[in-house]
Amino acid sequence: MNASVDPVRSYRPGEWFGILGERAVVILPPTEKPRVAALWELVDGGAGFDVTLDALISGGLRDLPAFVLVSTGEGETKVVIRGPARAEFRVGDETVTLEGSSATTWVERSMAEVERMSIVLHDGDPDGVDDGADLPSYVVDGGLFRISRLDEAPAHEGPDEFAEEPAYEREFPLPDGGLEDDIEDDVEDDIEDEQEYDDEDDADQDDDAYAGSEPVARSPEPPAWTPSPPTLPPPPPPAPVLPPMPGPPTEAMADGPLPETDHDGLTVTGAWQPPAAEPPGIPGQPPAPDVTVPVARLQISNGDEVDVDRAIVIGRAPESRRFNDTEQPLLVTVPSPHLEISSTHIEVRPGSGADHGSAVVTDLASTNGTVLVQPGLGPESLAPGVPVQLIPGAIIDLGDGVTIKVTSP
């Protein structure tokens, strides 16, 4: 949506799951209920387009028949749609329509300065769309809902653009003369009755006050109430006097002279020690040793070169969330025009233990995997989370035409 105007979202109830976050919107069919909890935690945490898309397709497209992903940031709107759903976007004077059922994989589009958005979900009807037209729309900010349609428009367009809850009307006929005439007659009758009652009441009071030659004395007003002083609790009893604590033994109490010590005989020392800090890096793997001399050099096919003197995370949009604060890896971004490379794809770091002095590579549960070709060996698909020692001359294939050659530093 346009960044200069705060958008207003509204939805109509339905069967699909709508996950609405600050940076991303994910819509899943009713069959994908087991995915909803994990995706809601991710989207509610502020995840963007790349991270959310990786989580959606992590299990493969075969097990995900339909979904809609929309992400907005810095004036650009990205959308990916798959399956029986339709999305419409107003960009200036043009309306862009995307149909998810028209592609075997998904339909993807990136647009700038989107003014309005509507996502209509098919409920298995190929000839029509059940957009919940007979149901009211509810304006929402963010959360998890069961929806059949989602709309987003600038706030200045106001409630006219979104349906509100229906008003309840009378179901019985009005009497002759109209509702307004009846109300006016009732009000006039009430005013006359009230005036007559006030006149009679004033007359009764005058008769009582001036009966006879002298006025009747009225009862005096009661005296003003004065609060009583608060009751204070009794003072606490004096604290008992305790006998003095026994002091350290003296020479008279011992058989001989006491050994020299600075202990007062009263202090008790404990064996508490602060808990050891968790090792940095990936849980379950030994941390990368502190080195000052690189153990290898990575030559990426896009022309970048990186020395392996610490942990290095490589991917389409790498993040260091899986690392502790004590170890900050070097983040290296590589191009992936077809989104075959995961946002956080592999890690390369100095080895430890038997791998000391060389570099090791670990696949970080990437979507499409990583292929390693060592000198004199055939291609090997890396198992996620298992580090493999690298030999100078090895080739790491990330997919999408991106390879990394390992050389000596």
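The values are calculated or read from the model by the stated rules, or taken from the named source; none is laboratory data. Please read these numbers as outputs of a predicted model, since none were measured by experiment. In this analysis, Cβ positions are derived from the backbone assuming ideal geometry, glycine residues included, and neighbour counts consider all displayed protein chains.
Going residue by residue through the stretch 7-16, is there one that turns out to be assigned to a strand (DSSP E or B), among the hydrophobic types (A, V, I, L, M, F, W, C) and at pLDDT below 90? Before you say what the answer is, go through the steps one by one.
First, pick out the residues of the stretch 7-16 that are assigned to a strand (DSSP E or B): 7-16.
Imposing the further condition that a residue be among the hydrophobic types (A, V, I, L, M, F, W, C) reduces the set to 8, 16.
Subsequent filtering for residues that are at pLDDT below 90 retains 8.
Yes, the conditions are met somewhere in the stretch 7-16.
Looking for something over 17 Å from residue 27 (Cβ atoms), assigned to a loop (DSSP other than H, G, I, E, B) and either aromatic (Phe, Trp, Tyr) or at pLDDT 85 or above (or both) - is there at least one such residue anywhere in the stretch 72-89? Write out each step before concluding.
Initial filter on the stretch 72-89 (over 17 Å from residue 27 (Cβ atoms)): 73-76.
Next, from what is left, pick out any that are assigned to a loop (DSSP other than H, G, I, E, B): 74-75.
Okay, now just the ones that are also either aromatic (Phe, Trp, Tyr) or at pLDDT 85 or above (or both), so none.
Scanning the stretch 72-89 turns up no residue that is over 17 Å from residue 27 (Cβ atoms), assigned to a loop (DSSP other than H, G, I, E, B) and either aromatic (Phe, Trp, Tyr) or at pLDDT 85 or above (or both).
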- Note on the structure: Checked pairs for the stretch 342-369, first within 18 Å of residue 328 (Cα to Cα), second assigned to a helix (DSSP H, G or I), C-beta under 6 Å and 6 or more apart or across chains, list as 343/50; 343/51; 343/54
- Query: In this structure, does residue 48 turn out to be in contact (Cβ under 8 Å) with a residue 12 or more places away in the chain and surrounded by 13 or more Cβ atoms within 10 Å (Cβ to Cβ)?
  - Reply: yes
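Can you give me the ranges of the strands (runs of 3 or more DSSP E) entirely in the stretch 310-409 with at least 3 residues that are buried (at least 22 other Cβ atoms within 10 Å of the Cβ)? Please lay out each step first, then the result.
Working: elements: 312-315, 330-333, 346-350, 359-363, 371-373, 379-381, 395-399, 402-407.
Passing ranges, in order: 312-315, 346-350, 359-363.
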- Query: Out of curiosity, is residue 101 out of contact with any Cys (no Cβ under 6 Å at 6 or more places or on another chain), at pLDDT 85 or above and either more than 18 Å from residue 71 (Cβ to Cβ) or not in a loop (DSSP other than H, G, I, E, B) (or both)?
  - Reply: no
